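Peer 1: Shown below is the structure under consideration.
What follows draws every value from the coordinates through simple rules; no lab data is involved. Owing to the predicted nature of the structure, the values given are computational and were not obtained by experimental measurement. Because the Cβ atoms are built from the backbone with ideal geometry, glycine has one as well, and the counts that use them run over all protein chains shown.
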Amino acid sequence: MADDHDGRSPRRAAVGLALLLALIVGVLFVVQQLRHSAAIQDCVASGRTNCAPITATH
């Protein structure tokens, strides 16, 4: 009976690892967005007007 409920299931470990990796990717994405936003705010605060260039779509 204790074979499947001992907490050492490979499937459980894989699910935990997948969730951890998803969390890390999410945090890295949010950090990147915050850095970009802070850079634009710093640019605007310094008085420049061309802080966020418009990209042309074809």
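Peer 1: Please list, in order along the range 23-29, the HN-Hα scalar couplings obtained from phi with the Karplus expression 6.51 cos²θ - 1.76 cosθ + 1.60 (θ = phi - 60°), rounded to whole Hz, x for Gly and Pro.
Peer 2: Along the range 23-29, the couplings run 5, 5, 4, x, 5, 5, 5 Hz.
Peer 1: Calculate the dipole size of the chain relative to its Cα centre from +1 charges on Lys and Arg beta carbons and -1 charges on Asp and Glu beta carbons; express the result in debye to the nearest 20. Present the calculation step by step, with values, prior to reporting the outcome.
Peer 2: Working: 5 positive and 4 negative charges, 45 e Å.
Its charge dipole is roughly 220 debye.
Peer 1: For the chain, just say rounded, prolate or oblate: build the C-alpha gyration tensor, square-root its eigenvalues into a ≥ b ≥ c, call rounded for a/c under 1.5, and beyond that prolate if a/b exceeds b/c, oblate if not.
Peer 2: Prolate, because a/c is 1.5 or more and a/b exceeds b/c.
Peer 1: Also, quick follow-up: Can you compute the FRET efficiency between Ala56 and Gln32 using 1/(1 + (r/R0)^6), with r the Cβ-Cβ distance and R0 = 25 Å? Round to the nearest 0.05.
Peer 2: So the FRET efficiency works out to roughly 0.60.
Peer 1: Could you run the Karplus curve 6.51 cos²θ - 1.76 cosθ + 1.60 with θ = phi - 60° over the range 9-19 and give me ³J(HN,Hα) per residue in whole Hz, x for Gly and Pro?
Peer 2: 6, x, 5, 5, 5, 5, 5, x, 5, 5, 5
Peer 1: Add -39500 (n - 2.57) for each DSSP H run of 4 or more in the chain, then divide by its residues: what number comes out at 222 nm, to the nearest 500 deg cm²/dmol?
Peer 2: Computed mean residue ellipticity for the chain: -23000 deg cm²/dmol.
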